[in-house]
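Q: Right, I'll just put the structure down here and ask away after.
Derivation of every value follows stated rules applied to the coordinates shown; laboratory data play no part. As the structure is a prediction and not an experimental result, all values here were calculated from the model. No Cβ is skipped: glycine too gets one built from the backbone with ideal geometry, and neighbour counts run over all protein chains shown.
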Amino acid sequence: MNSHDKTTNLDYLIGLSKGNSKFVEEMIEIFLTENPKEIRSLEESIRNEDFVLIKTSAHKMKSTIPFVGLDIIIGEDLSEIEKLSLEKRDINRIITLLKKIKEVCIKATQELQSF
C-alpha cells in the first residue's frame with residue numbers, strides 16, 4: 001500500500017512529538033480508544049435527534065482527528081454537522097455525513113492498529 005492509499009497521515013503527530021516515538025504510540029492509542037466512543041456518541045445523538053449533543057460530539061471529534069491527519073478528509077464534514085445541528089435542521093444530511101465520517105474512521109483505525 002503506498003502512502004496515497006492511506007487515510008491517516010501522521011506527519012503532524014510526528015512533528016509534534018519531536019522524534020519521541022513513545023508519544024506517537026500513546027497518541028495513536030488514545031485515538032484508537034476515544035474515536036469509537038466519539039462515533040457512538042455522535043450516532044446516538046443523531047438517532048435521538050438531540051441537536052445540542054450532536055454539535056458537542058462533532059466538535060469534540062474535530063479536536064482529536066488532526067493528530068492522525070483525518071481533519072483533511074472529514075474536518076469539513078464535522079463542521080457542517082456542527083452548523084446544521086446549531087440550526088437544528090436537516091437530520092438526513094447529518095446522517096449522510098456521519099456515514100462518510102464513520103467509514104473514514106474505521107479505515108483509519110484499521111491502519112493505526114497495524115502501526
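Q: For the condition on the phi < 0 side of the Ramachandran plot and buried (at least 17 other Cβ atoms within 10 Å of the Cβ), what is the one hit in S45, S21? It would help to see each step written out before you state the result.
A: On the way: S21 fails: buried (at least 17 other Cβ atoms within 10 Å of the Cβ).
Within the list S45, S21, the selection yields S45.
Q: Go through (1) assigned to a loop (DSSP other than H, G, I, E, B); (2) in contact (Cβ under 8 Å) with a residue 40 or more places away in the chain and name the single condition K88 misses.
A: (2)
Q: Same structure again: If I filter the range 18-29 for residues that are in contact with a helix residue (DSSP H, G or I) (Cβ under 7 Å, 6 or more places away or on another chain) and in contact (Cβ under 8 Å) with a residue 24 or more places away in the chain, do I get at least one hit? It would help to see each step written out before you state the result.
A: Within the range 18-29, the first condition is being in contact with a helix residue (DSSP H, G or I) (Cβ under 7 Å, 6 or more places away or on another chain), and the residues that meet it are 23-24, 27-28.
Right, trim to in contact (Cβ under 8 Å) with a residue 24 or more places away in the chain and you get 27-28.
There is at least one residue in the range 18-29 that is in contact with a helix residue (DSSP H, G or I) (Cβ under 7 Å, 6 or more places away or on another chain) and in contact (Cβ under 8 Å) with a residue 24 or more places away in the chain.
Q: A follow-up question, please. Among the numbered criteria (1) surrounded by fewer than 18 Cβ atoms within 10 Å (Cβ to Cβ); (2) hydrophobic (A, V, I, L, M, F, W, C); (3) closer than 15 Å to F31 by Cβ, which one does V52 miss?
A: Against the list (1) surrounded by fewer than 18 Cβ atoms within 10 Å (Cβ to Cβ); (2) hydrophobic (A, V, I, L, M, F, W, C); (3) closer than 15 Å to F31 by Cβ, V52 comes up short only on (3).
Q: Which of the residues spanning the range 80-98 are hydroxyl-bearing (S, T, Y) and touching a Lys or Arg at 6+ places or on another chain (Cβ under 7 Å)? Steps first, answer last, please.
A: At the first step, the residues of the range 80-98 found to be hydroxyl-bearing (S, T, Y) are 85, 96.
Selection gives S85 alone.
Q: Can we say L32 is in contact (Cβ under 8 Å) with a residue 60 or more places away in the chain, surrounded by fewer than 18 Cβ atoms within 10 Å (Cβ to Cβ) and assigned to a helix (DSSP H, G or I)?
A: Numbers: in contact (Cβ under 8 Å) with a residue 60 or more places away in the chain: yes; surrounded by fewer than 18 Cβ atoms within 10 Å (Cβ to Cβ): yes; assigned to a helix (DSSP H, G or I): yes.
Considered against the rule, which asks whether it is in contact (Cβ under 8 Å) with a residue 60 or more places away in the chain, surrounded by fewer than 18 Cβ atoms within 10 Å (Cβ to Cβ) and assigned to a helix (DSSP H, G or I), L32 comes out as yes.
Q: For residues in the range 62-94 being within 15 Å of the chain's Cα centre (by Cα) and β-branched (V, I, T), which is surrounded by the most Cβ atoms within 10 Å (Cβ to Cβ)?
A: Filtering the range 62-94 down to residues within 15 Å of the chain's Cα centre (by Cα) leaves 62-82, 94.
Next, only the ones that are β-branched (V, I, T) stay: 64-65, 68, 72-74, 81, 94.
On the way: T64: 16, I65: 23, V68: 24, I72: 12, I73: 18, I74: 22, I81: 27, I94: 22.
Per the stated criteria, the residue is I81.
Q: Right, V104: among the hydrophobic types (A, V, I, L, M, F, W, C), closer than 20 Å to K6 by Cβ and either assigned to a helix (DSSP H, G or I) or touching a residue at least 40 places away in the same chain (Cβ under 8 Å) (or both) or not? Before you say what the answer is, go through the steps one by one.
A: Numbers: among the hydrophobic types (A, V, I, L, M, F, W, C): yes; closer than 20 Å to K6 by Cβ: yes; either assigned to a helix (DSSP H, G or I) or touching a residue at least 40 places away in the same chain (Cβ under 8 Å) (or both): yes.
It is true that V104 is among the hydrophobic types (A, V, I, L, M, F, W, C), closer than 20 Å to K6 by Cβ and either assigned to a helix (DSSP H, G or I) or touching a residue at least 40 places away in the same chain (Cβ under 8 Å) (or both).
Q: Can I ask one more? For the range 1-18, what are the residues that are crowded, with 16+ Cβ neighbours inside 10 Å and hydroxyl-bearing (S, T, Y)? Before the answer, list the steps.
A: First pass over the range 1-18, keeping only residues crowded, with 16+ Cβ neighbours inside 10 Å: 7-10, 13, 17.
Selection gives T7, T8, S17.
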